[in-house]
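Have a look at the structure below before the remarks.
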Amino acid sequence: MLLLPVHFDENEWFVIIVLISLIIGFIVFRIVLPSVITVAILIYFASIGKWTDYVIGIKFKQYLALDTFKQDLYDWLCLGIAYPLVGYFFVYFMVRWKLKGIFTVIYILVWSIMLAFSEWVASLFHVFIYIGWNLMYSFIVYLSVLTLCFCYLKFIQRLYYELIEK
């Protein structure tokens, strides 16, 4: 059963505002990749977000997300909507700007910094409460996740276009 928040306070309001902003951005910025690749990217970020939050936040109790170690409705909104949409924007601009070589590396670094910064802002609203965790660890996780996403994107693009040609 999906739990409701322990307290409805600033962290839930923060999530609502972020979700609305991301959904509006998703509507404004049209898809630049085939739908099947877009869905694969959304699933990647939902899955990787769920896995990392479970392993780091719940299993190893390194941070609280939204009041508790148990996942509630707002955790699922973050995992199912916010994380995938943030990943969508990462891919969207990388593809739109046709980044290659060192520009891709710089782009991944900048996004990792931006995500760590946005996590810090979220922590000010008690979306994350760190126990044994700190933002440098988050930066490393974001760097890894975005680098893997880049490799995954290249793989599924190649696979998709090979299948289209047949």
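The values are calculated or read from the model by the stated rules, or taken from the named source; none is laboratory data. For clarity, every value in this text was computed on a predicted model and none was experimentally measured. With ideal geometry, Cβ positions are generated from the backbone for all residues, glycine too; neighbour counts draw on all protein chains shown. What goes into the accessible areas is simple: the full protein's heavy atoms, side chains included, and nothing from ligands, DNA or RNA. Shrake-Rupley method; radii C 1.70, N 1.55, O 1.52, S 1.80 Å.
Considering only region 51-70, state which residues are open to solvent by 60 Å² or more (accessible area, probe 1.4 Å) and either of a type outside the set (Phe, Trp, Tyr) or closer than 16 Å to Tyr92 by Cβ (or both).
Lys59, Lys61, Lys70
Here's the yes/no breakdown for (1) over 25 Å from Asn11 (Cα atoms); (2) touching a strand residue (DSSP E or B) at 6+ places or on another chain (Cβ under 9 Å); (3) modelled with pLDDT of 95 or more:
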{"position": "Ala46", "(1), (2), (3)": "no, no, yes"}
{"position": "Gly49", "(1), (2), (3)": "no, no, no"}
{"position": "Trp76", "(1), (2), (3)": "no, no, no"}
{"position": "Lys98", "(1), (2), (3)": "yes, no, yes"}
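Listed residues Phe150, Phe117, Phe125; which is touching a residue at least 24 places away in the same chain (Cβ under 8 Å) and under 14 Å from the mean Cα position of the chain (by Cα)?
Unique residue meeting the criteria: Phe150.
So, in region 1-60, how many residues would count as being over 23 Å from Glu119 (Cβ atoms) and not in a helix (DSSP H, G or I)?
Step one: filter region 1-60 for residues over 23 Å from Glu119 (Cβ atoms), giving 1-2, 4, 27-28, 30-40.
Filter once more, so that each one left must be not in a helix (DSSP H, G or I): 1-2, 4, 30-34.
The total comes to 8.
Going by what's in this entry, would Val39 be described as under 22 Å from Phe14 (Cβ atoms), hydrophobic (A, V, I, L, M, F, W, C), without any contact (Cβ under 8 Å) to a residue 60 or more places away in the chain and open to solvent by 60 Å² or more (accessible area, probe 1.4 Å)? Even if it seems obvious, please write down each step before you answer.
On the way: under 22 Å from Phe14 (Cβ atoms): no; hydrophobic (A, V, I, L, M, F, W, C): yes; without any contact (Cβ under 8 Å) to a residue 60 or more places away in the chain: yes; open to solvent by 60 Å² or more (accessible area, probe 1.4 Å): yes.
Criteria not met by Val39.
Would a scan of region 4-13 turn up a residue that is surrounded by 16 or more Cβ atoms within 10 Å (Cβ to Cβ), among the acidic types (Asp, Glu) and under 20 Å from Leu124 (Cβ atoms)?
Of the residues in region 4-13, the ones surrounded by 16 or more Cβ atoms within 10 Å (Cβ to Cβ) are 5, 11-12.
Then keep just the ones that are among the acidic types (Asp, Glu); that gives 12.
Filter once more, keeping what is under 20 Å from Leu124 (Cβ atoms): 12.
Yes, some residue in region 4-13 is surrounded by 16 or more Cβ atoms within 10 Å (Cβ to Cβ), among the acidic types (Asp, Glu) and under 20 Å from Leu124 (Cβ atoms).
Residues being surrounded by fewer than 12 Cβ atoms within 10 Å (Cβ to Cβ) and either within 17 Å of Ser35 (Cα to Cα) or in contact with a strand residue (DSSP E or B) (Cβ under 8 Å, 6 or more places away or on another chain) (or both): count how many of those fall in region 144-159.
To start, the set of residues in region 144-159 that are surrounded by fewer than 12 Cβ atoms within 10 Å (Cβ to Cβ) comprises 151, 154-155, 158.
Next, only the ones that are either within 17 Å of Ser35 (Cα to Cα) or in contact with a strand residue (DSSP E or B) (Cβ under 8 Å, 6 or more places away or on another chain) (or both) stay: 154-155, 158.
Total satisfying the criteria: 3.
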